[in-house]
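The values are calculated or read from the model by the stated rules, or taken from the named source; none is laboratory data. Keep in mind that this is a model prediction, so the values were computed, not measured. Note that each Cβ is placed from the backbone with ideal geometry, even for glycine, and that neighbours are counted across all protein chains shown.
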Ligand code: SIN
């Protein structure tokens, strides 16, 4: 897989024939909403767990010292809560660049809080991408996140803003919350 996934996403999942598309956000897309949307609703997807296992060369770290950001890892019966945004297809010109460091988008079923199901796009960085870091102990990941920085700012801010956004959504995530506790302690 190329390091930059923009062209791959546009080839694999062309969207021009659609009027609108649902996008499921579970990481920075929850709190950094730098794109227009038509509608937004809490939603969840099943079979995926949010993990700080993806390297960030372009936002919260550099190619020499990558930060750690979230991706989704397949886990039977796991439920990942987030926000679904209904957007126009042209919005992906911006989003594909934002998520270019290893994330591929594909359609998957997502469920709104009222039980209604739709197919929507989700960006996932799999272990096949060059920036994938994989698991480490929580202590190791917390130290890594506490002291990484990139063009979009401190890696710690990515984590703490995500933790706040999930609490606000009423969907705290134990993996994120535990890392946030440790990172706050390290930064004190
Ligand atoms: C997402 O937020 O849905 C994708 C990962 C990220 O941009 O943090």
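The sole residue among 87, 6 that is farther than 28 Å from residue 180 by Cβ and away from the ligand (no atom under 13 Å from the Cβ) is 6. Residues that are within 12 Å of the ligand (Cβ to nearest atom) and either in a strand (DSSP E or B) or surrounded by 22 or more Cβ atoms within 10 Å (Cβ to Cβ) (or both) within region 96-107 comprise 99, 101, 102, 103, 104, 105, listed in sequence order. Scanning region 165-181 for residues that are over 15 Å from the mean Cα position of the chain (by Cα) and assigned to a helix (DSSP H, G or I) turns up 167, 168, 174, 177, 178, 179, 180, 181.
When residue 150 is tested against the conditions (1) within 13 Å of the ligand (Cβ to nearest atom); (2) under 16 Å from the mean Cα position of the chain (by Cα); (3) more than 15 Å from residue 53 (Cα to Cα), the lone failure is (2).
Got at least one residue in region 15-29 being within 11 Å of the ligand (Cβ to nearest atom), modelled with pLDDT of 95 or more, under 17 Å from the mean Cα position of the chain (by Cα) and closer than 19 Å to residue 174 by Cβ?
The answer is yes, given that some residue of region 15-29 is within 11 Å of the ligand (Cβ to nearest atom), modelled with pLDDT of 95 or more, under 17 Å from the mean Cα position of the chain (by Cα) and closer than 19 Å to residue 174 by Cβ.
Residue 78 falls short of the stated requirement of being touching a residue at least 24 places away in the same chain (Cβ under 8 Å), outside any loop (DSSP other than H, G, I, E, B), within 15 Å of the ligand (Cβ to nearest atom) and over 11 Å from the mean Cα position of the chain (by Cα). No other residue among 134, 115, 61 is part of a loop (DSSP other than H, G, I, E, B), touching a strand residue (DSSP E or B) at 6+ places or on another chain (Cβ under 7 Å) and away from the ligand (no atom under 16 Å from the Cβ) apart from 134. Whenever a residue of region 176-188 is farther than 11 Å from residue 138 by Cα, its partners that are crowded, with 22+ Cβ neighbours inside 10 Å and modelled with pLDDT of 95 or more, lying with C-beta atoms within less than 7 angstrom and at least six residues away or across chains, give the pairs 186/142; 187/156.
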